[in-house]
Amino acid sequence: MPVPELIRIVSRDSPMALAQVDRVRAELAALHPELRTEVVPVKTTGDKWLGDLSQVEGKGAFTKEVDAALLAGKADLAVHCVKDVPADRPLPAGTVFAAFLKRDDIRDALVHPDGLTLDELPAGTRIGTSSVRRVAQLAATHPDLECVPFRGNDNRRLAKLAEGEADALLLAVAGLERIGRTDVISEVLSTETMMPPIGAGILALQCREDDTGVIDAVTGLGDPDTHREALAERMFLHVLQGHCNSPIAGYARVDRSGELSLRACVFTPDGKTRLNAHEWAGRLDPATLGTSVAVALLRQGAREIIDGIPH
């Protein structure tokens, strides 16, 4: 099917989200020079609400308005961070992921005004983060640090840090790269120190499943390895049926030989209990690998941990 003349791209209206759209527009322009694109920015519930996400439908708060614009025909393509797209339920009926872009850095970064590393922070240092995943891991490894609730886009969080509402921040390296603020990073944390969220560093392109022209136009932007990793991670989260207050972390990786593996963890909120699983796909397809790792954690008691956390 011929490439459409115009693709309207819907996205959250935060600086980072719009930077992500700029990447997609640039890659589309390189692939299809004749194609025009327009941006349809929307403000989501998650961007407007700065309290506990569990009070406003959890992660779906970042995607509902974007999905609505796509389904209503107000836009043709949506750009999502995979980590923000709920995996405990299917995509909205009538939509599909047409491509997963090549994965960015999956690690977290410490931002400290004086450039201190995590191990150098003095007791009582206030770390700004509302991520239950980060809070649980910090509680386990650095119990002398204090986590203070911090929400909002990265620019807003950096402004709050400058105003003294916290002493340091934990932010995603990929996000800081996208908004051009890697200058504030004092330490990039290894995945052993801070396990990333499911879907970290992956941008997904979603469109209506019957819009074959758009699907054909954007499929070429997809990265095969990232596609396999995303499928494994999202199936893992789907089987685990975690909620927005569940400290769950993990990542899939395709190594240089093409072998796919998935490493994942479930924590109690205080970090005192950590369940681990790590498997290689071998002959398994990515979705089966995700299922297998989830089952391994469920056998260790993940269901009881997840269901025991208020949400």
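The values are calculated or read from the model by the stated rules, or taken from the named source; none is laboratory data. Keep in mind it's a predicted model, so treat the numbers as computed, not measured. Every residue, glycine among them, receives a Cβ derived from its backbone with ideal geometry; neighbour counts consider all protein chains shown.
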- Options 260, 237, 221; residue that is farther than 30 Å from residue 73 by Cβ and in contact (Cβ under 8 Å) with a residue 12 or more places away in the chain: 260
- Does segment 137-180 hold any residues that are in contact with an Asp or Glu (Cβ under 7 Å, 6 or more places away or on another chain) and in a helix (DSSP H, G or I), and which are they? 139, 173, 174, 175, 176, 177
- Go through segment 181-218 and give me each residue that's part of a helix (DSSP H, G or I) and either acidic (Asp, Glu) or in the same structural domain as residue 138 (by TED's automatic domain parsing) (or both). 182, 183, 184, 216
- Note on the structure: Within segment 116-136, residues over 18 Å from residue 200 (Cα atoms), in a loop (DSSP other than H, G, I, E, B) and out of contact with any Ser or Thr (no Cβ under 7 Å at 6 or more places or on another chain) come out as 121, 122, 123, 124, 125
- Query: Hey, does segment 112-124 have a residue that's touching a strand residue (DSSP E or B) at 6+ places or on another chain (Cβ under 7 Å), farther than 30 Å from residue 73 by Cα and among the hydroxyl-bearing types (Ser, Thr, Tyr)?
  - Reply: yes
- Message: Can you go through 21, 40, 10 and tell me which one is in a helix (DSSP H, G or I) and buried (at least 18 other Cβ atoms within 10 Å of the Cβ)?
- Response: 21
- Over segment 146-167, the set of residues within 17 Å of residue 118 (Cα to Cα), buried (at least 19 other Cβ atoms within 10 Å of the Cβ) and touching a Gly at 6+ places or on another chain (Cβ under 7 Å) is 161, 166
